[in-house]
Structures are given as C-alpha cells and as structure tokens.
1. Collect the residues in segment 155-173 that are surrounded by 14 or more Cβ atoms within 10 Å (Cβ to Cβ) and on the phi > 0 side of the Ramachandran plot, keeping them in residue-number order.
2. Within segment 74-126, can you find the residues that are basic (K, R) and more than 19 Å from R34 (Cβ to Cβ)?
3. Please enumerate the residues belonging to segment 159-176 that are charged (D, E, K, R) and either modelled with pLDDT of 90 or more or assigned to a loop (DSSP other than H, G, I, E, B) (or both).
4. Where residues in segment 113-154 are surrounded by 13 or more Cβ atoms within 10 Å (Cβ to Cβ) and small (G, A, S), which of them is farthest from the chain's Cα centre (by Cα)?
5. Taking strands (runs of 3 or more DSSP E) that do not extend beyond segment 63-152, which have at least 2 residues that are of a type outside the set (A, V, I, L, M, F, W, C) and within 24 Å of S23 (Cα to Cα)?
6. Since I80 meets every condition but one in (1) within 17 Å of I8 (Cβ to Cβ); (2) surrounded by fewer than 16 Cβ atoms within 10 Å (Cβ to Cβ); (3) among the β-branched types (V, I, T), which condition does it not meet?
7. L55 passes all but one of (1) within 21 Å of Y118 (Cβ to Cβ); (2) without any contact (Cβ under 8 Å) to a residue 60 or more places away in the chain; (3) touching a strand residue (DSSP E or B) at 6+ places or on another chain (Cβ under 8 Å); which number fails?
Amino acid sequence: MEREKPKIDTLTGLLSRRSFEESFKVSVQNATRRQEPLSLAYIDIDQFLTVNDSLGHLGGDAVLAGIALLLKQHLGPEAILGRYGGDELVALLPNSEREQAFLAVERLRAAVESQQDYQIGEAHFSPQVTISAGIVSFPIDGQNEVELLRKADQALYRAKEVGRNTIRLAYDERMVPKTTHYTMTQLERLSKLALEQGCTEAELLREALDDLLKKYGVTEFAN
C-alpha cells in the first residue's frame, strides 16, 4: 500500500500538526537507533493578536506566511518544519546539538526582527514583528516526543517572560545540579557570549578553566 503523503498547511507551506508529529516520532526513533542528536525549536510569533488587530486577519496571514518562508531559508534543507497551531511553529533539526540549534534559531530570530517587507495582494507593509523560541535536544533534554515538547514549551514560556524576541534553552537538572556554583544568570550570559563568539559554551568553559590553571601555575600533568 502506498504511504500517505504528508499533509501540508495551506497558508504556510509547512507540515500540518499531525504530519509533523508523525515525522517527530520517526525522527526520535532514527536518532535513537543511530545514536545521533536531534534538536527541536518551538517558535511563537510575539504578540500575534496585536498583529492581527492592527493589520487584520489578511495581514496576520501574510506575516505567518512570511515567517514560514524565513524558516525555510535559514534552518536549512534538512530541517523538518511544521505549523503546530495558530502562530506556533516548530522545527526539527536532525543531527544537531543544542548549541548548534541555538545558533541557527538565533540567526532566524535576527532575520525576522530585520524583515521589513510583508505583502497582502499587491500591497507591501512593514510591521515590527519578532519571535521567541524554546530549544531542546534529544537525548539530553528528553527521551521521547512528549518530554521534548514539554520542555521546549517551558523554555518558550521563559523566553516570553523575560521580554520576548529571545531564545531560551531548556533547563537540565543533570547539567545544573543543586551543588553547582554557577547561577542561572551566569549560564544565560554564557549562552549569549557563545552566540556572539560563534563557538560552543563548552569551548568557552574549557578556555576559562585553562586560564584559571595557568593563573595558579598548574601547568604540568600529575605523575
């Protein structure tokens, strides 16, 4: 029997929610079998009700379609993209670590913020539109689709709480245990610095540790 074709959301050209969930399930299975990372970005258009109120539903639809196009342009051909509901969009990034996903979605966020041209029919307009996003990765943030979506939603909520137009990673108790001497503020600043420098958080921490060891003259391996 021929496999049913994925259903596409007619407005955005992205996968429908049901088709995305089916692809998500298969992607987690593949990542588990291949022992590869898989990242999920849960994306929301900031204050979309205000966009609809000021531009009307046709304007809101144009913004959704425009941002969907930016997703396709900035997240690459391997990304699995879906419209999860309303103005909520989702992106699966196969074989992508959490830091890699953060950098990719940050580029998308910047592109949306600078986008100046949306179109309704023949008319062009330039509303100020931004997005917020929460990012999680398999297997570090969850072992299945339910866990990953729940943590991505929590991360998105935190992005909204701190003022929107930003991205947040999922908190991971295994990475930030109660005995740690890092504060959440420090970790968020570390994420921002890694983004600015175009490297991973782990690379920055290794660099800082090397500098600390040199400062105290610990330069030789113990016998």
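1. Within segment 155-173, the first condition is being surrounded by 14 or more Cβ atoms within 10 Å (Cβ to Cβ), and the residues that meet it are 155-160, 164-172.
Matches in segment 155-173: R164, N165.
2. Within segment 74-126, the first condition is being basic (K, R), and the residues that meet it are 83, 98, 107, 109.
Those that are basic (K, R) and more than 19 Å from R34 (Cβ to Cβ): R83, R107, R109.
3. Quick first cut of segment 159-176, residues charged (D, E, K, R) only: 160-161, 164, 168, 172-174.
Result: K160, R164, R168, D172, E173, R174.
4. Only one residue tops the list, namely G142.
5. So the answer is 80-85, 88-94, 131-138.
6. Here I80 clears every test but (2).
7. Going through (1) within 21 Å of Y118 (Cβ to Cβ); (2) without any contact (Cβ under 8 Å) to a residue 60 or more places away in the chain; (3) touching a strand residue (DSSP E or B) at 6+ places or on another chain (Cβ under 8 Å) one by one, L55 breaks only (2).
To keep it simple, each residue is scored yes or no on (1) surrounded by fewer than 14 Cβ atoms within 10 Å (Cβ to Cβ); (2) modelled with pLDDT of 95 or more; (3) under 26 Å from G163 (Cα atoms).
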| residue | (1), (2), (3) |
| --- | --- |
| F20 | no, yes, no |
| K25 | yes, yes, no |
| T50 | yes, no, yes |
| H57 | yes, no, yes |
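The values are calculated or read from the model by the stated rules, or taken from the named source; none is laboratory data. Source: prediction; values computed, not measured. Methodologically, a virtual Cβ is constructed for each residue, glycine included, from the backbone with ideal geometry; neighbour enumeration extends over all protein chains shown.
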